Amino acid sequence: MKIREITDAIEQYAPLRLQEEWDNAGIQVGNPEADVTGVLLCTDATETVVAEAIDRGFNLVISHHPLIFRGLKKIMGRTPVERTVAMAIKNDITIYSAHTNMDSAWQGVSFRMAEKIGMTDVQFLDNNPVPPYGELGSDTAGCGVIGNIQPMTAREVLKRVKEAFEVGAVRYSGDGDCMVSRVALCGGAGGFLLDKAVEQGAQLYVTADMRYHDFLDNCQRIVVADIGHYESEHFTKEIFLEIIQKKNPTFAVAFAKNETNQVNYL
């Protein structure tokens, strides 16, 4: 199987045209026409992840976050990105990323978050009509999701979130004892959707990278929770796995063992 066959399957699920203008999804390094020896899945394509791929004999690394966001004028090993690119090129490793296109796709990142905590009737929080794409036949893309959950207090929902997403600490504002039956979620930095969550009747909004004033200015109208960027998105690897296994159930594909969250908690 060629690398392009796998990346094409991912792009059928999450077309590159769905990515934000500032993003850099797609092939980061490597040759899409090479035969695949194995696929290593991760959130971030770091030096340790690429080294693991080399050790395991895998020549394709698929990450959620792009390795390269900005143009590289020199590759001299001065930064982690430069060293990772050099290591990949030297060892014939292809690195591919599906970022905001996977965030915006039907059954993408935020949908997987909702599944993890048992939400139902899940829909996009902010719809963006697009031409029909993919075998799912969906004619929409969007940002974040909103749906229903068995009524419980906001604090009980957050305990479920903390366990499901392996969160070291949850930052939140608002009344933790209020009853919640409608929840909005957004993987990654989701502050821009806070007003949408309120407008659509969510009592709790779970995302990452919230600013102090996002908490302060909204604590009277909705419970706002920040669970961490990595924590909110690391299950994206499961989506990659399912796409690849559907393409070829017997293919060598694995989650990176050496990947760790670079943000630590004391």
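The values are calculated or read from the model by the stated rules, or taken from the named source; none is laboratory data. These figures come from a predicted structure and were not determined experimentally. Cβ: placed from backbone, ideal geometry, glycine included. Neighbour counts: every protein chain shown. When the accessible area is computed, the model is the full protein with side chains, heavy atoms only, and any ligands, DNA or RNA have been set aside. Shrake-Rupley method; radii C 1.70, N 1.55, O 1.52, S 1.80 Å.
Mind putting a number on the dipole of the stretch 132-266 about its Cα centre? Charges go on the C-beta only, +1 for Lys and Arg and -1 for Asp and Glu, and I need it in Debye to the nearest 20.
Values: 13 positive and 18 negative charges, 46 e Å.
It works out to roughly 220 debye.
If a paramagnetic tag sat 7 Å from the Cα of Ile68 along the Cα-Cβ line, which residues of the stretch 28-54 would have the backbone N under 13 Å from that point? Answer for this model: 28-32. The residues of the chain expose on average 47 square angstrom of accessible surface per residue, using a 1.4 Å probe on protein heavy atoms. Using 0.36 nm per residue and subtracting the Cα-Cα separation, the extra length available between Asp121 and Arg221 on full extension is 33.7 nm.
In deg cm²/dmol and to the nearest 500, what is the mean residue ellipticity at 222 nm of the chain if only DSSP H runs of at least 4 residues count, each as -39500 (n - 2.57), divided by the residue total? Taking each H run of at least 4 residues, the total per residue is -9000 deg cm²/dmol. Each of Val49, Thr153, Ala98 was placed along the dipole of the chain (beta-carbon charges, centred on the mean Cα), and the one lying farthest toward the positive end is Val49.
Of the listed pairs Lys90/Lys247; Lys116/Lys237; Lys159/Lys237; Lys116/Lys159; Lys90/Lys237, which have alpha-carbon separations greater than 20 Å here? Mind showing how you got there, number by number?
Details: Lys90/Lys247 28 Å; Lys116/Lys237 13 Å; Lys159/Lys237 23 Å; Lys116/Lys159 13 Å; Lys90/Lys237 25 Å.
The pairs that break the limit, which is 20 Å between Cα atoms, are Lys90/Lys247; Lys159/Lys237; Lys90/Lys237.
Restricting attention to the chain, close to 50% of DSSP beta bridges with both partner residues there are antiparallel. Please state the shape class of the stretch 84-199: rounded when a/c is under 1.5, otherwise prolate if a/b exceeds b/c and oblate if not, all from the C-alpha gyration tensor. Judged from the Cα gyration tensor, the stretch 84-199 comes out oblate (a/c at least 1.5, b/c at or above a/b). The apolar share of the surface of the chain, taken as the fraction of accessible area on carbon and sulfur atoms (1.4 Å probe, ligands and nucleic acids excluded), comes to 50 percent. Taking Cα centre as origin and charging only the Cβ of basic (Lys, Arg, +1) and acidic (Asp, Glu, -1) residues, the dipole magnitude of the chain rounds to 460 debye. For the chain, the relative contact order is 21 percent, taking Cα pairs closer than 8 Å that sit 6 or more residues apart in sequence and dividing their mean separation by the residue count.
Give me Rg/Rg_expected for the chain, where Rg uses Cα atoms only and Rg_expected = 2.2 N^0.38 Å with N residues. Don't skip to the end; give the middle numbers.
Details: Rg = 19.0 Å, N = 266, 2.2 N^0.38 = 18.4 Å.
Output field value: 1.03.
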